[in-house]
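Here is the structure we will look at.
The values are calculated or read from the model by the stated rules, or taken from the named source; none is laboratory data. The shown structure was predicted, so the numbers you read here are calculated from the model rather than taken from an experiment. We place every Cβ from the backbone using ideal geometry, glycine too, and count neighbours over all the protein chains shown. The area values use the complete protein model at the heavy-atom level, side chains included, leaving out ligands, DNA and RNA. Shrake-Rupley method; radii C 1.70, N 1.55, O 1.52, S 1.80 Å.
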Amino acid sequence: MVRSSGSLRLVVLLALAVSWQTCCLCSTSKLFITGEGSLMAEFDMVEIRISLAVEVQDDKEAPQDSATLAYQGGAELTSGVLSALETEAGVPRANISTSSVDLSAMRNYSDGSSRIVGYRASTDVTLDVAV
C-alpha cells in the first residue's frame, strides 16, 4: 500500500474544515468520513470525491425558512471547504470541480401521507491531487 503524507494531510484538513464550518450552522453536527481504495499500479494522481450536506429541520413557526437556511448553509459549508482546500491544503482551484448541487425536501411518511419536515442541501466535489 502506498501512503502519501500529502493525501493524509488533505483528508485531515478537510475534516477540520467541515467540522468547524458545520459547528457554526447548528447546535448539532456530524462528520462522516468513509474511504476505499485499491492500488493496481504506481500512480501520480489521486481523485478524491467529497459529498457535503446540510440538513435543516422545519421550524413550526417559520417552515418556509428551512429551505433558505439549508441552501445558505450548504453554500457556506461548500465555500469554507473549498477555501480550506485551496489555502490550507494547497489544492489549485483548477483541480477542484463540482459534480452536483441539490436542494431537496426531507419527508416524513406516516398514515398513508407525507409531510415535509425539513430540507437538505448537498454538493458533491471532486479533487484531482498530485501525490
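Sequentially through the stretch 102-116, phi angles give Karplus couplings (6.51, -1.76, 1.60; θ = phi - 60°) of 8, 10, 9, 6, 9, 10, 10, 9, 7, 6, x, 9, 10, 9, 6 Hz, Gly and Pro residues having no value and appearing as x.
Peptide packing for 102-112, 84-94, 121-131 was compared via the average number of neighbouring C-beta atoms within 10 Å per residue; ordered from the highest value, the list is 121-131, 84-94, 102-112.
Note on residue 43 and residue 100: with the Förster distance fixed at 25 Å, the Cβ-Cβ geometry gives a FRET efficiency of about 0.50. Near the amide H of residue 91, within less than 5 Å, lie the amide hydrogens of 86, all on another chain or at least 5 residues away, with H placed in the peptide plane.
At 1.4 Å probe radius, can you tell me the per residue accessible area of the stretch 34-113 in Å²? Can you show the working numbers first?
On the way: 5770 Å² over 80 residues.
Here the per-residue accessible area is 72 Å².
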